[in-house]
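Every number here is computed from the coordinates shown, using simple stated rules; none is lab data. Because the structure is predicted, anything quoted here is derived from the model rather than measured. Counting neighbours? That spans all protein chains shown, and the Cβs are built from the backbone with ideal geometry, glycine included.
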Amino acid sequence: LTLRIFDCYRPQRAVDHFVRWAASGDQRTKADYFPNIEKSRLFAEGYIAERSGHSRGSTVDLTIEGLDMGGPFDFFDPLSNTADPRVGVPQHANRLLLKLVMEKHGFRAYALEWWHFTLAEEPYPETYFDKPVK
């Protein structure tokens, strides 16, 4: 299996940018990333957080290269839930395979996003780093 990483460590300043974006009137990405939810609901629904595990250095967004997961990365919709019943049997099996592989290696899944995993035993569970990535 080959893993494809979408996102990993993210400095707090990048998360702060998401917060500002969510408060703005910018709707350019709505059709691609959140067509069925109001932008103002992204925090309440759990798709975006003011404090992210990515800033703790323990969270990764990824997929298994070449496998159809039944929906795109960063699609803020119930279709992205790991166990969403609307995806086909092969896509559900692919999501389950990714979940099992990651759990075997010490990660726990985030049920709302099939691609999102956090170390079960985080070394810095209360620290949100803000070191820039160069």
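So, of the residues in segment 92-109 that are free of Cβ contacts under 8 Å to residues at least 24 places away in the same chain and either in a loop (DSSP other than H, G, I, E, B) or surrounded by fewer than 18 Cβ atoms within 10 Å (Cβ to Cβ) (or both), which turns out to be nearest to the chain's Cα centre (by Cα)?
So the residue we want is Arg108.
Can you tell me which residues in segment 1-42 are more than 13 Å from the chain's Cα centre (by Cα) and among the aromatic types (Phe, Trp, Tyr)?
Once the filter is applied, which keeps residues that are more than 13 Å from the chain's Cα centre (by Cα) and among the aromatic types (Phe, Trp, Tyr), segment 1-42 yields Phe18, Trp21, Phe34.
Would you point out the residue of segment 1-37, among those that are within 22 Å of Thr63 (Cα to Cα) and of a type in the set (Lys, Arg), that is surrounded by the most Cβ atoms within 10 Å (Cβ to Cβ)?
Checked segment 1-37; the qualifying residue surrounded by the most Cβ atoms within 10 Å (Cβ to Cβ) is Arg10.
Take the conditions under 16 Å from Leu3 (Cβ atoms) and basic (Lys, Arg) and apply them to Lys99. Does it pass? Reasoning before the result, please.
On the way: under 16 Å from Leu3 (Cβ atoms): yes; basic (Lys, Arg): yes.
Considered against the rule, which asks whether it is under 16 Å from Leu3 (Cβ atoms) and basic (Lys, Arg), Lys99 comes out as yes.
Please enumerate the residues belonging to segment 48-86 that are touching a Pro at 6+ places or on another chain (Cβ under 8 Å), within 19 Å of Leu3 (Cα to Cα) and of a type in the set (Asp, Glu).
Asp68
Identify all residues within segment 38-51 that are crowded, with 17+ Cβ neighbours inside 10 Å and touching a residue at least 40 places away in the same chain (Cβ under 8 Å); write none if there are none.
Here is the first cut: in segment 38-51, the ones crowded, with 17+ Cβ neighbours inside 10 Å are 39, 42, 47-48.
Answer for segment 38-51, where residues must be crowded, with 17+ Cβ neighbours inside 10 Å and touching a residue at least 40 places away in the same chain (Cβ under 8 Å): just Tyr47.
Would you check if Thr82 is of a type in the set (S, T, N, Q), closer than 24 Å to Lys134 by Cα and within 13 Å of the chain's Cα centre (by Cα)?
On the way: of a type in the set (S, T, N, Q): yes; closer than 24 Å to Lys134 by Cα: no; within 13 Å of the chain's Cα centre (by Cα): yes.
So Thr82 does not fit the description; no.
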